[in-house]
Structure formats: structure tokens, C-alpha cells
1. Could you list all residues from region 41-63 that are in a loop (DSSP other than H, G, I, E, B) and of a type in the set (S, T, N, Q)?
2. Take the residues in region 181-217 that are of a type in the set (Gly, Ala, Ser) and outside any helix (DSSP H, G or I); name whichever of them is nearest to TYR230 (Cα to Cα).
3. Of all residues in region 163-180, which are of a type outside the set (Gly, Ala, Ser), farther than 29 Å from ASP248 by Cβ and either part of a strand (DSSP E or B) or modelled with pLDDT of 95 or more (or both)?
4. Taking ILE160 as the residue in question, decide whether it is hydrophobic (A, V, I, L, M, F, W, C), under 21 Å from ASP41 (Cα atoms) and not in a helix (DSSP H, G or I).
5. Identify, please: which residue in region 222-232 is closer than 27 Å to GLU202 by Cα and in contact (Cβ under 8 Å) with a residue 60 or more places away in the chain and is, among those, surrounded by the fewest Cβ atoms within 10 Å (Cβ to Cβ)?
6. Can you confirm whether MET70 is modelled with pLDDT under 95, crowded, with 20+ Cβ neighbours inside 10 Å and within 28 Å of ALA229 (Cβ to Cβ)?
7. Can you find, within region 35-67, the residue that is nearest to ARG249 (Cα to Cα) among those that are among the small types (Gly, Ala, Ser) and crowded, with 17+ Cβ neighbours inside 10 Å?
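The values are calculated or read from the model by the stated rules, or taken from the named source; none is laboratory data. Since the model is a prediction, treat every value here as computed from it, not as a measurement. Please note: Cβ atoms are built from the backbone with ideal geometry, for glycine as well, and neighbour counts cover all protein chains shown.
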Amino acid sequence: MVGRIAPINPRNSSIRVRFADGTSHHDIIWFIMCGRYVLADLIRLAQKYSVDLGPFELKPRYNVSPGSAMPVIRRQTRNEVEIMRWGLIPSWAPESKIGYTMINARADTILEKRSYSKPFKSQRCIVPSSGFYEWKKDGKNKTPYFIRVKDEPVVGFAGIYDLWKAPNLQDVLSFSIITTDANEAIRHIHDRMPVILTPEAELAWLETQYEAKDLIGLLKPYPAEKMEAYTVSTKVNSARNESPDLIDRFEEHSSSLLL
């Protein structure tokens, strides 16, 4: 289990990463999907996945950013909760900061990428979520939206994870959220969305006997008619803000919108 990990602001940060071949560095500017999400209902999480959250000091999260340590569901003989760092660190990676570039894995190329193909075959997980944020570009402006499944306080994003050994020999579990093409409810905001698993798909996703080719078909957009998206306060732009009102519907007259 990972310890406390300090998050960064993915909308206003850049990092320099040395890739596995050691030949180059790249500045990564964060503006990707899915870059923030919410996990508000821990009671429903425990009920939905039949897990015990007692050993963990968890609290509702309204602005989860890359690098955060979050509860993830995986299955051995039964469903289990593990606290993992958001941003997959491949087992072969020389440094942990590569994880900040690997918070998402594209469904259409997941079997082609070395870092994702092995976890996809044998290290799948579910990332519980109450919804996610996305920013719509309008010229120089970016309007934040909260996007969720209607009448579902907790859903499961399709995820993969890996185990990395830190220089101090600590085991670090980390995960990526798989993304797919946006559905009609979201496409006017962004062209990608997390893979949201149906309850039936969740059962298959965590089973170890299925081969990768049997699971690719699960990585599809969630039905648009079951989702909603609405504008929210620009307070969500800062990863330091963490309060329930972040998912409230935008009200133009509200003074809380001012940063």
C-alpha cells in the first residue's frame, strides 16, 4: 500500500521526464483526459463492491488530481481495496515521475504500448468514481464541466495497475484510467472519456480467466442517455480546492466563482 503522495496541479504544471531509453527529456504540459475526478460516496463504494473500508483513513474527494493516492478495486479470490497512486509507474521505470505522464491509457492502442499491454492482460482494476471534470475550450477560455452517470453515486472506471519498486525498496502500486471515444453527451466538451463499466462488465473485467481479446469489446463509450454534464465553478481549476460545492451547478451570480 502506498503512503501519502503529494498531488500536483495537472492543469498548470509541467514536468521533465527521462524515458526508459535514457535518450531524451520532454516537457509535459497537462491538458489531457481524464485529468480530474470525484469520489464522494464512500458508503456506496463499500456497498457496491462488498469491501471493507475500515482499515483505510478515507474521506470524500471532490478534486482528485494525478499523483493522488486513491482506493482501487482488484480481485484475488474476492474483491479487495488497495490504495494506489494515480499515474501508472511501469515496473521497469527508472523513476516514479513517469507516472504523471501515464494517468490515462487509450483503449484503441492499449495492446500496442509496452507499459499498458502487460497490465491489461493480467493486472486490471476498477477505479471507483462519482464523476469527472472536463474543460471545454472556447477561444482562450476553458469552461469546467462536471460529468456523471445519472442516479449512480458510484460507478467504476476501467483501470490497469502495476507494481514498481522504489529506490528505498518500497512497493508502489499505481494505476491508469482507460479512455475511449466520447459519447454524444460529452463530445461537445471533449473527444475522449473514461471507460465506464456496466455492472455486468465489471464482473468480467476483474476475472483473471478472460484473455485480452475477450475484453477489448468492453472498452466502449457509456450510453449517452444515461449521463449528464453541466458547468461548475472555476474553483475546480486549482487542485488545492477540495470541497463538496465544486460539483454544484454553475450560478453566474455566485461570488464563489471568483478565484
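1. Of all residues in region 41-63, those in a loop (DSSP other than H, G, I, E, B) come to 41, 50-60.
Of everything in region 41-63, just one residue is in a loop (DSSP other than H, G, I, E, B) and of a type in the set (S, T, N, Q), namely SER50.
2. Let us first name the residues in region 181-217 that are of a type in the set (Gly, Ala, Ser), namely 182, 185, 201, 204, 212, 217.
Those left that are additionally outside any helix (DSSP H, G or I): 182, 185.
Values: ALA182: 16, ALA185: 10 Å.
Within region 181-217, the match that is nearest to TYR230 (Cα to Cα) is ALA185.
3. Step one: filter region 163-180 for residues of a type outside the set (Gly, Ala, Ser), giving 163-165, 167-173, 175, 177-180.
Next, only the ones that are farther than 29 Å from ASP248 by Cβ stay: 163-165, 167-173.
Correct list: LEU163, TRP164, LYS165, ASP171, VAL172, LEU173.
4. On the way: hydrophobic (A, V, I, L, M, F, W, C): yes; under 21 Å from ASP41 (Cα atoms): no; not in a helix (DSSP H, G or I): yes.
For ILE160, the condition - hydrophobic (A, V, I, L, M, F, W, C), under 21 Å from ASP41 (Cα atoms) and not in a helix (DSSP H, G or I) - is not met.
5. Taking region 222-232 and keeping what is closer than 27 Å to GLU202 by Cα, we get 222-230.
Now narrow it down to the ones that are in contact (Cβ under 8 Å) with a residue 60 or more places away in the chain: 222, 226-230.
Values: TYR222: 21, LYS226: 16, MET227: 21, GLU228: 15, ALA229: 20, TYR230: 12.
Looking at residues that are closer than 27 Å to GLU202 by Cα and in contact (Cβ under 8 Å) with a residue 60 or more places away in the chain, I get TYR230.
6. Working: modelled with pLDDT under 95: no; crowded, with 20+ Cβ neighbours inside 10 Å: yes; within 28 Å of ALA229 (Cβ to Cβ): yes.
No; evaluated as a whole, the condition is false for this residue.
7. Start the filter on region 35-67 by keeping residues that are among the small types (Gly, Ala, Ser), which leaves 35, 40, 46, 50, 54, 65, 67.
Then drop every residue that is not crowded, with 17+ Cβ neighbours inside 10 Å, which leaves 35, 40, 46, 65, 67.
Details: GLY35: 20, ALA40: 16, ALA46: 27, SER65: 20, GLY67: 27 Å.
Among residues in region 35-67 that are among the small types (Gly, Ala, Ser) and crowded, with 17+ Cβ neighbours inside 10 Å, the one nearest to ARG249 (Cα to Cα) is ALA40.
Conditions tested, residue by residue: (1) closer than 25 Å to ILE89 by Cα; (2) in contact with a strand residue (DSSP E or B) (Cβ under 6 Å, 6 or more places away or on another chain).
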| site | (1), (2) |
| --- | --- |
| HIS190 | no, yes |
| THR198 | no, no |
| ALA204 | yes, no |
| LYS213 | yes, no |
| GLU225 | no, no |
| GLU228 | no, no |
| VAL236 | no, yes |
| PHE250 | no, yes |
